[in-house]
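Participant: Here's a structure for you.
The values are calculated or read from the model by the stated rules, or taken from the named source; none is laboratory data. None of these values were measured; they are calculated from a predicted model. Neighbour counts are summed over all protein chains in view; Cβ atoms, including those assigned to glycine, are modelled from backbone coordinates with ideal geometry.
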Amino acid sequence: MKNTKFVFIVLLPIIAIIFIFHIMPLLYGLGISLYDYSPFNEKNTFIGFANFTKLIHDPVFHKSFGNTMYFVLVMVVINLILTLSIAQIISSFRNNKFRSAFRVVFFMPCVAPLAASSFVWRFMYDRKYGIINNTLVALFDAVPQNWLGEASTVMPAIIAFSLWADIGYNIIIFCAGIDGIPNDFYEAAVIDGANAVARFFRITLPLLIRTTCFVVIMTLISYFQAFSQFEVMLPDHGGANDMGLVLPLHIYRSAFVDKDFGYASSIAIALFIIIMIFTAISQRLNRTDWGY
């Protein structure tokens, strides 16, 4: 009984912080979504689920949802393939100095503020003065592209930047997971005549299930909430033909541009439900009960 009281007293500040800064804002946002709410209104009218009905029939929401799904799914797949491959290559180095150096190189973009990196890349994509177009023109005599101004290139350009800025985290996690696999498995596989490819697919990949599950869930949550690069690189809030309009940006535009906080809250609740669904599916598919 004394131990229970002590644990409760120790955890009470943490519970209070979670309730004040996590649960209360969520409940407050849910409440706002039921009103025609704006801080400029003298009276905010209760409209029930009208904002959610509007959301279902809103073509802009449909487009932002499609853009978000495209961004998230493409990013997660490419991110997993890239980071796992790079982590496997780094872990294959026997010299610890080389391994540490490569980890630092790939992790460096993660240290820089995302907004600042987005601002730099925005100028790198510039049609006339950007280093990317100048390099393509010099090497391949290519026609300069308006990467962030054309509907067909907005999302690929932001995906390329997001990969550069973000893969360092997952590389470090995968490196730690690979280094945690006992060498006995690899030594036995070598004795049995398994080559490097067979060892990767039959030992490394299956034993990284838990690590992969964690990476998938955290990456999904992160990319569903991606905002900074879209806001900084697309100052018109969505790019050409709204091809860069994702749900977090749509929430921002609805709240602070259109001043419709009630509708913005309903979009935020919808995004929360989407993230919860994908997280639950990922946990279910990657459930495992073994250990080594």
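Participant: Any residue in region 182-208 that's surrounded by fewer than 13 Cβ atoms within 10 Å (Cβ to Cβ): show its pairings with residues that are assigned to a helix (DSSP H, G or I) and of a type in the set (Phe, Trp, Tyr) at Cβ separation under 8 Å, as long as the two are six or more apart or on different chains.
Facilitator: Final answer for the pair search is none.
Participant: Continuing with the same structure: Scan region 164-174 for residues that are in contact with a Phe, Trp or Tyr (Cβ under 9 Å, 6 or more places away or on another chain) and either surrounded by 15 or more Cβ atoms within 10 Å (Cβ to Cβ) or of a type in the set (Val, Ile, Thr) (or both) and jot them down. Step through it out loud before you land on a result.
Facilitator: Keep residues of region 164-174 that are in contact with a Phe, Trp or Tyr (Cβ under 9 Å, 6 or more places away or on another chain), which gives 164-169, 171-173.
Selection gives 165, 166, 167, 168, 169, 171, 172, 173.
Participant: Would you be able to say whether some residue in region 256-278 is in contact with a helix residue (DSSP H, G or I) (Cβ under 9 Å, 6 or more places away or on another chain), basic (Lys, Arg) and surrounded by fewer than 21 Cβ atoms within 10 Å (Cβ to Cβ)? Step through it out loud before you land on a result.
Facilitator: Filtering region 256-278 for residues in contact with a helix residue (DSSP H, G or I) (Cβ under 9 Å, 6 or more places away or on another chain) gives 256, 258, 260-272, 274-275, 278.
If we keep only those that are basic (Lys, Arg) too, we end up with none.
Within region 256-278, none of the residues are in contact with a helix residue (DSSP H, G or I) (Cβ under 9 Å, 6 or more places away or on another chain), basic (Lys, Arg) and surrounded by fewer than 21 Cβ atoms within 10 Å (Cβ to Cβ).
Participant: Looking at 87, 101, can you tell me which residue is touching a Cys at 6+ places or on another chain (Cβ under 9 Å) and either more than 23 Å from residue 250 (Cβ to Cβ) or not hydroxyl-bearing (Ser, Thr, Tyr) (or both)?
Facilitator: Values: 101 fails: touching a Cys at 6+ places or on another chain (Cβ under 9 Å).
Just a single option satisfies the conditions, and that option is 87.
Participant: From the residues in region 1-49 that are of a type in the set (S, T, N, Q) and not in a helix (DSSP H, G or I), which one is farthest from residue 270 (Cα to Cα)?
Facilitator: Initial filter on region 1-49 (of a type in the set (S, T, N, Q)): 3-4, 33, 38, 41, 44-45.
If we keep only those that are not in a helix (DSSP H, G or I) too, we end up with 33, 38, 41, 44-45.
Working: 33: 11, 38: 19, 41: 24, 44: 22, 45: 21 Å.
Residue satisfying both the conditions and the ranking: 41.
Participant: Additional query: Quick check on this structure: which one of 228, 282 is under 16 Å from the mean Cα position of the chain (by Cα), within 30 Å of residue 177 (Cα to Cα) and modelled with pLDDT under 90? First the steps, then the outcome.
Facilitator: On the way: 228 fails: modelled with pLDDT under 90.
Answer to the check: 282.
Participant: Restricting to region 132-163, what's the tally of residues that are surrounded by fewer than 14 Cβ atoms within 10 Å (Cβ to Cβ), in a helix (DSSP H, G or I) and hydrophobic (A, V, I, L, M, F, W, C)? Steps first, answer last, please.
Facilitator: So in region 132-163, the residues surrounded by fewer than 14 Cβ atoms within 10 Å (Cβ to Cβ) come out as 135, 137-143, 151-152, 156.
Narrowing the set further to residues that are in a helix (DSSP H, G or I) leaves 135, 137-140, 156.
Cutting the leftovers down to hydrophobic (A, V, I, L, M, F, W, C) gives us 137-140.
Selection size over region 132-163: 4.
Participant: Of everything in region 264-287, what is within 21 Å of residue 61 (Cα to Cα) and without any contact (Cβ under 8 Å) to a residue 40 or more places away in the chain? Give them in sequence order.
Facilitator: Let us first name the residues in region 264-287 that are within 21 Å of residue 61 (Cα to Cα), namely 264-278.
Listed by number, the residues that qualify are 264, 273, 276, 277.
Participant: Just to be sure, is residue 122 assigned to a helix (DSSP H, G or I), closer than 24 Å to residue 181 by Cβ and in contact (Cβ under 8 Å) with a residue 24 or more places away in the chain? Steps first, answer last, please.
Facilitator: Numbers: assigned to a helix (DSSP H, G or I): yes; closer than 24 Å to residue 181 by Cβ: no; in contact (Cβ under 8 Å) with a residue 24 or more places away in the chain: yes.
Here the answer is no, as residue 122 does not meet what is asked.
Participant: Can you work out which of the residues in region 1-57 that are hydroxyl-bearing (Ser, Thr, Tyr) and touching a residue at least 60 places away in the same chain (Cβ under 8 Å) is surrounded by the fewest Cβ atoms within 10 Å (Cβ to Cβ)? So that I can check it myself, show each step before the final result.
Facilitator: Of the residues in region 1-57, the ones hydroxyl-bearing (Ser, Thr, Tyr) are 4, 28, 33, 35, 37-38, 45, 53.
Cutting the leftovers down to touching a residue at least 60 places away in the same chain (Cβ under 8 Å) gives us 33, 35, 37-38.
On the way: 33: 25, 35: 19, 37: 22, 38: 16.
By that ranking, first place goes to 38.
Participant: Restricting attention to region 129-156, which residues are aliphatic (A, V, I, L, M) and in contact (Cβ under 8 Å) with a residue 60 or more places away in the chain? Before the answer, list the steps.
Facilitator: Looking only at region 129-156, we keep the residues that are aliphatic (A, V, I, L, M), and these are 131-132, 136-139, 142-143, 148, 151, 154-155.
Within region 129-156, 148, 151, 154, 155 qualify.
Participant: Exactly one of these conditions fails for residue 213: (1) crowded, with 18+ Cβ neighbours inside 10 Å; (2) under 20 Å from residue 82 (Cβ atoms); (3) not aromatic (Phe, Trp, Tyr). Give me its number.
Facilitator: (1)
Participant: Given (1) loosely packed, with under 12 Cβ neighbours inside 10 Å; (2) in a loop (DSSP other than H, G, I, E, B), where does residue 127 come up short, assuming only one miss?
Facilitator: Just one mismatch for residue 127, condition (1).
Participant: Residue 60: part of a helix (DSSP H, G or I), more than 29 Å from residue 198 (Cβ to Cβ), touching a Leu at 6+ places or on another chain (Cβ under 9 Å) and in contact (Cβ under 8 Å) with a residue 24 or more places away in the chain, yes or no? Give the derivation first.
Facilitator: Details: part of a helix (DSSP H, G or I): yes; more than 29 Å from residue 198 (Cβ to Cβ): yes; touching a Leu at 6+ places or on another chain (Cβ under 9 Å): yes; in contact (Cβ under 8 Å) with a residue 24 or more places away in the chain: yes.
Here the answer is yes, as residue 60 does meet what is asked.
Participant: So, in region 80-97, exactly how many residues are without any contact (Cβ under 8 Å) to a residue 12 or more places away in the chain, under 23 Å from residue 217 (Cα atoms) and surrounded by 13 or more Cβ atoms within 10 Å (Cβ to Cβ)?
Facilitator: 1
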